[in-house]
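Working notes for the structure below.
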Amino acid sequence: MKFIFTKHAFSKFVDFEKQGITFAQKDIIIVIKDPEHIDKNSDHPKMIASRPYDEKHVLRVVFKIEDDIITIITFYPAKKGRYYEAN
């Protein structure tokens, strides 16, 4: 599998860093490879993978798969329980 970040996804790294939140590309890829929850329906054909980020938040990653390429569209932290019941 090959992972590609869109221009928008790359801009999110800068946006969050300005807010004092740092994510690395590997953090985003881990969410896709080992999600706690995956939503395949609400934004079809895109998918949204989620996994815990800290005690109060999950990290959500919006992506699509075409052939053997995963394109990461955007990512964002969200309050636990907002989109699904987190462990």
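The values are calculated or read from the model by the stated rules, or taken from the named source; none is laboratory data. Nothing here was measured: the structure is a model prediction, and the numbers come from that model. We place every Cβ from the backbone using ideal geometry, glycine too, and count neighbours over all the protein chains shown.
Here are some notes:
- In region 1-39, the residues that are assigned to a loop (DSSP other than H, G, I, E, B) and free of Cβ contacts under 8 Å to residues at least 12 places away in the same chain: Gln19, Gly20, Thr22, Ala24
- Matching residues, region 47-80, being assigned to a strand (DSSP E or B) and closer than 10 Å to Val31 by Cβ: Ile48, Ala49, Ser50, Arg51, Pro52, Val58, Leu59, Arg60, Val61, Phe63, Ile72, Phe75
- Flag if Ser42 is small (Gly, Ala, Ser) and either modelled with pLDDT under 95 or not in a strand (DSSP E or B) (or both): yes
- Restricting region 11-48 to residues that are closer than 16 Å to Glu85 by Cβ and of a type in the set (A, V, I, L, M, F, W, C), the residue that is nearest to the chain's Cα centre (by Cα): Ile48
- Per-region count, region 56-87, residues within 10 Å of the chain's Cα centre (by Cα) and within 16 Å of His8 (Cβ to Cβ): 9
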